[in-house]
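I have placed the structure first, in the form of structure tokens, so that the comments after it can refer back to it.
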Amino acid sequence: MKVHHSLTAERIMEAVERGMSSLDNPGFCVACGEEVEGCEPDARRYPCDSCGAEAVYGAEELLIRLV
């Protein structure tokens with residue numbers, strides 16, 4: 001899977017940790033790199049409000065796919 005250059009392992013891990021320790025549900029658009037709030041952890045190919053691409057993944061799902 002090709003992901004936006006701004007989506008580093010550190011950024012994704014921070015979002016996963018934040019999701020486990022708070023009420024945040026972060027996700028990321030792999031097309032534009034935008035962080036999306038209120039995203040289910042296992043989200044796949046949700047539409048992005050910023051760029052319109054169906055490329056939003058939950059932070060946990062994205063981490064699993066990149067490992």
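The values are calculated or read from the model by the stated rules, or taken from the named source; none is laboratory data. In this text the structure is predicted, and so the values were computed from the model without any measurement. We place every Cβ from the backbone using ideal geometry, glycine too, and count neighbours over all the protein chains shown. Note: accessible area is taken over every heavy atom of the protein model, side chains too, but ligands, DNA and RNA are not part of it. Shrake-Rupley method; radii C 1.70, N 1.55, O 1.52, S 1.80 Å.
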(message) Tell me the carbon and sulfur percent of the accessible area for the chain, rounded to whole percent, probe radius 1.4 Å.
(response) 51
(request) Rounded to the nearest 0.05, what FRET efficiency do Ser6 and Val67 give with R0 = 25 Å and r taken as the Cβ-Cβ distance? Could you check? (result) 0.85
(message) Under 15 Å from a point placed 7 Å out from the Cα of Ala53 along the Cα-to-Cβ direction: which residues of region 12-44 have their backbone N that close?
(response) 28-36, 44
(message) For the chain, what does the accessible surface come to per residue with a 1.4 Å probe? Please give it in Å².
(response) 62
(request) Divide, for the chain, the radius of gyration over alpha carbons by 2.2 N^0.38 Å, where N is the residue count. (result) 0.96
(request) May I ask you to derive the relative contact order of the chain, considering only C-alpha pairs under 8 Å and at least 6 residues apart, and to give it as an integer percent? (result) 30
